Amino acid sequence: MPAVQIVVRLDVMLARRKMRSRELAERIGITEQNLSLLKSGKVKGIRFETLAAICAALDCQPGDILEAVAEG
Amino acid sequence: MSDLSRLQRLSAQLYWGALALSVVLPLIVLVYAGRGVTEPASLLSLVPELPAGTPVSPAQAGLVAGVSLVAVLPLVAALRRMVRLFANYRAGEVLSAENAEAILGIGRNLSLAALFSVLVPTLERLILSWHAPRRVLSIALDDGTLGFLIAAGLLTVIGWAMVEAARVKAENEGFV
């Protein structure tokens with residue numbers, strides 16, 4: 001089975017919705033610093049609660065934010 | 001008053017208590033051991049079963065002193081770890097890997113100290129009765145020692161649980 005990694009495409013959705021990171025952080029109730037870490041993929045994982053809040057705020061599906069890409 | 005502020009307040013007091021004990025306890029044992037070496041006959045009070053005139057050689061007195069000094073080491077090690085733990089608690093740092101390791105270390109050292117509290121009197125009796133007409137070998141296990149062993153074991157188990165809790169906390173911190 002080919003190895004895949006999960007890439008966060010939050011920047012793309014933010015641009016499509018014309019929303020700033022600060023506004024999204026405020027709406028979903030996390031710090032800008034944590035949102036920045038999430039955007040850069042420097043976190044171990046994302047809670048369902050956070051993912052649901054992001055999807056609600058950006059009116060999208062989890063698949064619009066997260067993408068599995070082949071490693072290497 | 002919140003649990004954290006209560007923890008900090010009590011830890012601040014316990015910090016000084018543990019620090020003072022960690023310094024005073026070895027000194028007391030040193031004085032006691034030194035007295036035993038300079039006045040070997042005084043050691044006979046440790047073994048009431050022996051006749052008053054039983055000879056105690058300097059080597060026997062030295063051995064008893066050595067055993068006493070070794071026996072106090074786990075207690076001092078536990079106290080030193082308590083000092084560090086209470087300092088962290090006093091500063092408001094509660095659930096950390098360092099504190100969990102400290103609790104585990106305290107539990108292990110106290111378990112060893114509890115074991116020594118059974119073995120040391122046995123060894124002292126045997127050493128002091130070596131030249132007596134009848135050697136004494138007895139193991140005493142009272143309810144205080146049993147309670148000490150159980151409390152030390154409980155602390156060790158709590159230490160393992162805290163290590164696991166600190167690991168889970170660190171893992172959770174990687175999630176947003």
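Tabulated results
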item: Centroid-to-centroid separation of region A:16-72 and region B:100-123 [C-alpha atoms, Å]; result: 50
item: Rounded to the nearest 10 Å², the accessible area of B:Asp3 at probe 1.4 Å; result: 120
item: Counted charge near B:Arg108, where neighbours are those whose Cβ lies closer than 12 Å (Asp, Glu -1; Lys, Arg +1); result: 0
item: Nearest-20 debye value, the protein assembly as shown charge dipole, Cβ charges on Lys, Arg, Asp, Glu; result: 360
item: Average other protein chain Cβ within 10 Å of Cβ, residues B:163-176; result: 3
item: For region B:4-21, 3J(HN,Hα) per residue [Karplus equation, 6.51 cos²θ - 1.76 cosθ + 1.60, θ = phi - 60°, Hz, x = Gly/Pro]; result: 5, 5, 5, 4, 5, 5, 5, 5, 4, 6, 5, 4, 5, x, 5, 5, 5, 5
item: Average other protein chain Cβ within 10 Å of Cβ, residues A:32-40; result: 1
item: B:Ala140-B:Lys169 FRET efficiency (beta carbon distance; Förster radius 45 Å; 0.05 resolution); result: 0.55
item: Distance between region B:134-176 and region B:34-87 - C-alpha centres, whole angstrom; result: 26
item: Rounded accessible area of B:Arg167 (nearest 10 Å², 1.4 Å probe); result: 120
item: Region B:42-58 - phi-based ³J(HN,Hα) in whole Hz, Karplus 6.51/-1.76/1.60, Gly and Pro as x; result: 5, 6, 4, 5, 6, 10, x, 5, 7, x, 4, x, 4, x, 10, 7, x
item: Relative contact order [Cα under 8 Å, 6+ residues apart], region A:4-70, whole percent; result: 56
item: Accessible surface of region B:82-176, 1.4 Å probe, proportion on carbon and sulfur as whole %; result: 67
item: Inter-site label distance for B:Ala91 and A:Val4 at 7 Å from Cα along Cβ, in nm; result: 4.5
item: Largest to smallest accessible area among A:Ile46, A:Ile65, B:Ile150 [probe 1.4 Å]; result: B:Ile150, A:Ile46, A:Ile65
item: Cα-centre dipole for region B:5-175 with unit charges at Cβ (Lys and Arg positive, Asp and Glu negative), debye to 20; result: 200
item: Average beta carbon contacts from partner chains per residue of A:43-54, 10 Å cutoff; result: 2
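The values are calculated or read from the model by the stated rules, or taken from the named source; none is laboratory data. Bear in mind that the values here come from a model prediction, so they are computed numbers and not experimental data. Every residue, glycine among them, receives a Cβ derived from its backbone with ideal geometry; neighbour counts consider all protein chains shown. Keep in mind that these areas ignore ligands, DNA and RNA; they rest on the heavy atoms of the full protein, side chains included. Shrake-Rupley method; radii C 1.70, N 1.55, O 1.52, S 1.80 Å.
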